[in-house]
Amino acid sequence: MTEFAHDHIKPFSEEGSKKEQVSEMFDHIAPRYDFMNRFLSAGIDISWRRKAINQFKKDQPKTILDVATGTGDMAIMAAKMLKPQKIVGIDISEKMLEFGRKKIEKEELGTKIELLGGDGETINFPDNSFDGVMVAFGVRNFENLEKGLKEIQRVLKPGAQLIVLEFSKPVIPGVKALYNLYMGVIAPQIARWFRTNKKAYQYLNESAKAFPDRQQFENILKQTGYSGTKWKPLSLGICCIYSGRKPKA
């Protein structure tokens, strides 16, 4: 199975698996995760999520899997925008799920959304289970990207769509320089000021820099068997929406 550079980038040290370290990292930052997301992105991440979920509108999916759901932002937004019968969110961080369940209860969406402990590389559902799968800022945390994408394809129904939202590297020179400064220096420093794990935000920068983005990621989707693949840059290339479908036959 193909390995990629970001598969080997870990939050803390070389010892221990990436999966264990990512789980530990998100458990640690869970109490301030939502606040830091809004603060560091100036709220732009909300519009990114909305645009990604809009990709499902023509499909009208009844059942959706949210991989690496975290505190459930994508699941909650998708429940309101798409009104499916059921959304299942899975994540390897139990602390993130705890905060997500509280948000779902507050939004009175408990009958629509279920959050479960789970790993995107070994999804505990049968083949052809879901009308759509979404992953927001999660695929770069997979221990093996190709394995995760194949596992997602397994649980998609034939013809159903995968939507991925992920950071990418801007190519416009001035924007690229500002982005590198912000992600490499400013974001970790702000995280430290707010008593949030500085290493977590350094890991975010390092994993985003190593991630095979844009055409490279679309090529990986094609290689793992997805059809109708495409990508779209957002906010001057800071982020991209990727999509692909499980072949009908």
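The values are calculated or read from the model by the stated rules, or taken from the named source; none is laboratory data. On a predicted model such as this, the values are computed, not experimentally measured, just so you know. Heads up, the Cβs are rebuilt from the backbone with ideal geometry, glycines too, and the neighbour counts pull from every protein chain shown.
Can you report the number of residues in region 67-83 which are part of a helix (DSSP H, G or I) and surrounded by fewer than 24 Cβ atoms within 10 Å (Cβ to Cβ)? Total satisfying the criteria: 7. The set of residues from region 131-155 being more than 22 Å from N37 (Cα to Cα), surrounded by fewer than 23 Cβ atoms within 10 Å (Cβ to Cβ) and touching a Leu at 6+ places or on another chain (Cβ under 9 Å) comprises D131, Q153, V155. Pairs linking a residue in region 13-28 that is within 20 Å of L145 (Cβ to Cβ) to a residue that is at pLDDT below 90 and not in a helix (DSSP H, G or I), with Cβ atoms under 7 Å and 6 or more positions apart or on different chains, are K18/K10; Q21/K10; Q21/P11; Q21/F12; V22/P11; M25/P11; M25/N197. Of everything in region 237-249 that is surrounded by fewer than 20 Cβ atoms within 10 Å (Cβ to Cβ) and of a type in the set (G, A, S), the residue that is modelled with the lowest pLDDT is A249. For region 147-168, the set of residues classified as farther than 26 Å from N205 by Cα and of a type in the set (V, I, T) consists of V155 only. I need the full set of residues from region 84-128 which are among the hydrophobic types (A, V, I, L, M, F, W, C), buried (at least 19 other Cβ atoms within 10 Å of the Cβ) and part of a loop (DSSP other than H, G, I, E, B), in order please. Of everything in region 84-128, those that are among the hydrophobic types (A, V, I, L, M, F, W, C), buried (at least 19 other Cβ atoms within 10 Å of the Cβ) and part of a loop (DSSP other than H, G, I, E, B) turn out to be I92, I123. Does A30 satisfy being modelled with pLDDT of 95 or more and among the small types (G, A, S)? No, not satisfied. A count restricted to region 190-236 and to residues that are surrounded by 18 or more Cβ atoms within 10 Å (Cβ to Cβ), modelled with pLDDT of 80 or more and of a type in the set (G, A, S) stands at 2.
Only a single item in (1) outside any helix (DSSP H, G or I); (2) among the basic types (K, R); (3) in contact with a helix residue (DSSP H, G or I) (Cβ under 6 Å, 6 or more places away or on another chain) is not met by K169, and it is number (3).
For the residues K83, K112, the requirement of being among the charged types (D, E, K, R), over 15 Å from R49 (Cα atoms) and either out of contact with any strand residue (DSSP E or B) (no Cβ under 7 Å at 6 or more places or on another chain) or touching a residue at least 40 places away in the same chain (Cβ under 8 Å) (or both) singles out K83.
Just so you know, in region 1-37 the residues that are of a type in the set (G, A, S) and at negative phi include one that is surrounded by the fewest Cβ atoms within 10 Å (Cβ to Cβ), and it is S13. Tell me whether region 14-21 contains one or more residues that are under 15 Å from the mean Cα position of the chain (by Cα), outside any loop (DSSP other than H, G, I, E, B) and within 18 Å of I76 (Cβ to Cβ). No, there is no match, as no residue in region 14-21 is under 15 Å from the mean Cα position of the chain (by Cα), outside any loop (DSSP other than H, G, I, E, B) and within 18 Å of I76 (Cβ to Cβ).
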